[in-house]
Amino acid sequence: MATLEPINTCLSVQVHHMVCSLGLEKVDSADLERIVTVSGQVCWEAITPYLRTLDTEDQGLNYVESVRLLGPVCKSVHSHLLSLSTKQFRDQYGLWFRWTDNTELFVEVFEAIRSSQHTATALSLMKLTACLERALGDVFLIIDKDCPFLLRDLLASQELATVFGQSVMNVLRVFLGSPRSLNLRNILWHGFAAPSEIPPMYTSMLLLLTAGLGQILKGAVPHRTSTLLHRPYFKLTQLEELAVFPDINEEAIAVAEDFVGKSDFVVKIMLPYWREALAAYRNQRYADCVIFLLPQLEMGLRNLFTTVNNCPNRLLTAESTTLYTTFDEMLAKYLDNDDINQLPPALGDPIMEILWDLLNHQEGPRIRDHLSHGELDLNAFPKEMASHVVALAVVLLHHCCREGNGVATENECLRTIIGSTHSYCSRFHPIGRLKQQLRRCVGSLQKWDEIPKPTLGQPPERSGSDHSGPTAQTGCLMDKLVSNLINRLQPVYNEELSLSQHLLTEAQLHLVTKLLAGHTCTLYCPRATLEAVALLRKIASQCLTVSEQIMSSAASRHQQWLSKSLRSRQRQNYLRMLGSIQYLHPVFSLLTLLITVELLNVQITSKNASSECHCYLKF
C-alpha cells in the first residue's frame, strides 16, 4: 500500500489555494470597530459588502473574490478574540450563543483558538460546524417541518434567508456552503485537511458569526408566532449489539500508538490527529476521540481505495465539478465507471460488514452522520462507542502494516482484537435484524412453559370444550409441514435431521437457534432478497407481538384467578385460553422455524441466481 512519493497535502491545488492562501493575500487588516462594537454587537452591514457575485445571469456568489476580500476581516476578528480572556469572551458573547443550546461548546472553541494548537483548533471547528448546523436546523423548523439533511441545502434555503436575511446567509455560504467555497466543514469531516492547513482565523470568524446570528435571532423570533425549540439528541441504543471487540484498555492503546507510526494506513501528515485521538481516549474524552478518528479512518480507507483501484488522483479533494471520494463510494460494490471496487476484497468481508454496520445501515448507529450533523450529546458520549471505533482503527492499522502478522502473533491483546473480526456477521443489515427478531421469538416462545396455571388446589372448572379434537385433526398436517421444512432445509444444512425428533417444539426452537448461529455474509444483497427479507421481518414481528401478548394476558388472568376476581364466564374463557395456548405453542414454534428456513432459502436462491451476489451462508 505504500505510495511512491510522500503525500504533502490531501487538498487539490485549487482547494489548497482557496483554503490556505487566498484569504491571507491581503496584508492589511480590516477596521475592527466597523465589524464589531465595543459591546460585542456584530455589524453585519459592514461585513456583507465584502461579498462579490459572478457576472452571470443568476448572479451567484463569486467565492474566490469573496474569500480574498473577507480575509482581512477574518484576521481582525481573530486578533480581537485573541486579545480577550475567557471571562471577557463569556461576558461579551456568552448570551448570544444561547440560541444554539450549547454555549459551553463555543466557549471551548474560543479556548482552543487561544491555545494555538492546530489539532485542537481543527477539532473545535468540526464541533462548531456540527453544532451550528443543528441549531440552524432548529431555526428552520420554526417555518417549515422538513429540515434539509445537507448543510449546503440548509444554508441555501429560503426559510433561513427569511429569518436572517439573504446577505447574512451568503456570508455563511462562503465558509461552509459549497464545494466552490472554503467548504471548511467537509474538508475536515471527510479527512482531507491536515492539522496546520486550516488558518485559525476562519474558526474565529465562524465563532463571531454564530454570535451575530444569535443577535439577529433575538430580534426576529419575538415577532413570530412559533418559538425556537431544540430537537432532542439522538440516542445511541445499539451499543450492546455493536459489542464485537474486547474493551479497549491501556495495553490496547499502547498497541495502537505503536501501529500508528508503522502502518501504511496512516497518511503521515495526519499523524497528529491519530496521536490526539488516542490521547483523548486515554483521558476519557470519548467524543473527541471519535471525532478525531472518523475522518482519519475515511482518509486511510481512501488511501487504500485509490491504491487497490489504481486511481491515485482520487486521494485529493475533488473540485466543484466532481464528487469527493467518501465512505459511500469506498464501501460500494462498483466504482463510478461500473468497474468492480477492489476495496472489499482487499479488506475482506468481516471488516467490510463492520464498516457498513457502523456507518451505513439505516438501523445501525450511523455514527459519522449523527456526529457530523450535531445530533449527539458530546457530553454524554458513550465509552463503548469510542472503544469500538478505536478497536476498528487497530484492525485497519494492523491490516495495512508490513510487520502486522509478526506483531499479532506475539501480542495477545492485539490477537484478541483481530480475532474478534473473523466470524463477524452484520447486526444492522436487514438480514441481521431479522435474525435478531427470530432470536427474540425463540426466547419468547421458550418462556411459554413458564406461563402460570391453576394449581392442584385450584381445580379448574370444566369449560365445556375438548381441545383434543383440533389437535388430533391437525397432527397429520403438522407432520407434513415439518417434513416439508426438513426437505427444504437439507440441501443447505450439513447435518441429518430427524422428522420424529423435530415434531417436538423444543427441538424446533433449538434448531432455529442453531441455524441462526450460522455465518451469513450480507454484502450487496440484490433487491429481490431485501424485499423477501422485509416481508419475513413483518411476519416475525407479528409473531413476537402475539407471543408477548399471550404471555401478558395469561399472567394477568392468573393473578385475577388467584384473587378470585374472575366471574364465571371469565373463568371459563381463561381455561379455554390455557387450552388454546397448548395448541398454539407448536404452531408458533413451527412458524418461527418456517421463517428461518425461508430466510436461508431466500439467500441461497439469490446466490444461485447471480454468481456476483455476495450473500451466502456458512455453518
- Item | Cα-centred dipole magnitude for the stretch 227-334, charges only on beta-carbon of K, R (+1) and D, E (-1), debye, nearest 20 | 320
- In terms of modelled amide H atoms, which long-range or inter-chain residues lie less than 5 Å from the amide H of T522? S426
- Query: Which FRET efficiency, nearest 0.05, do K453 and Q570 yield, Cβ-Cβ r, R0 22 Å?
  - Reply: 0.90
- Item | Angstrom value of the Kirkwood radius, inverse mean 1/r, which spans all Cα pairs in the chain | 28.2
- Query: Quick one: accessible area per residue over the stretch 1-99, 1.4 Å probe, rounded to a whole number of Å²?
  - Reply: 56
- Item | the chain: angle of helix 468-489 to the longest principal axis, Cα-based, in degrees nearest 10 | 50
- Task: Kindly express, to the nearest 10 degrees and within the range 0 to 90, the angle between helix 568-609's C-alpha long axis and the longest C-alpha principal axis of the chain.
- Result: 60
- The answer for the stretch 267-343, accessible area per residue at 1.4 Å probe in Å², is 40
- Task: For L61, enumerate residues with amide H under 5 Å from its amide H, sequence gap 5+ or separate chain, H modeled in the peptide plane.
- Result: L54
- Query: Roughly to the nearest percent, how much of the accessible area of the chain is carbon and sulfur, given a 1.4 Å probe?
  - Reply: 51
- Quick one: angle between helix 63-82 and the longest Cα principal axis of the chain, in degrees between 0 and 90, rounded to 10, please. 90
- State the extension gain, in nm to one decimal, for the chain segment bounded by A332 and A555, taking 0.36 nm per residue of separation less the distance between their alpha-carbons. 75.4 nm
- Query: Convex hull over the alpha-carbon atoms of the stretch 114-185: what's its volume per residue in Å³?
  - Reply: 95
- Ratio for the stretch 158-215, C-alpha Rg to 2.2 N^0.38 Å, reads 1.21
- Message: Rounded to the nearest 10 Å², what accessible area does L544 have for a 1.4 Å probe in the complete protein model?
- Response: 20
- Item | Protection proxy ranking of 105-113, 191-199, 282-290, 30-38 - average other beta-carbon atoms within 10 Å, highest first | 191-199, 105-113, 282-290, 30-38
- If you place +1 on the Cβ of every Lys and Arg, -1 on the Cβ of every Asp and Glu, and leave all else neutral, what size is the dipole of the chain about its Cα centre, to the nearest 20 Debye? 2080
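The values are calculated or read from the model by the stated rules, or taken from the named source; none is laboratory data. Keep in mind the model is a prediction, meaning the values are calculated, not measured. Using ideal geometry, Cβ is built from the backbone for each residue, glycine included, and neighbour counts are taken over all protein chains shown. Calculation scope for accessible area: heavy atoms of the full protein, side chains included, ligands and nucleic acids excluded. Shrake-Rupley method; radii C 1.70, N 1.55, O 1.52, S 1.80 Å.
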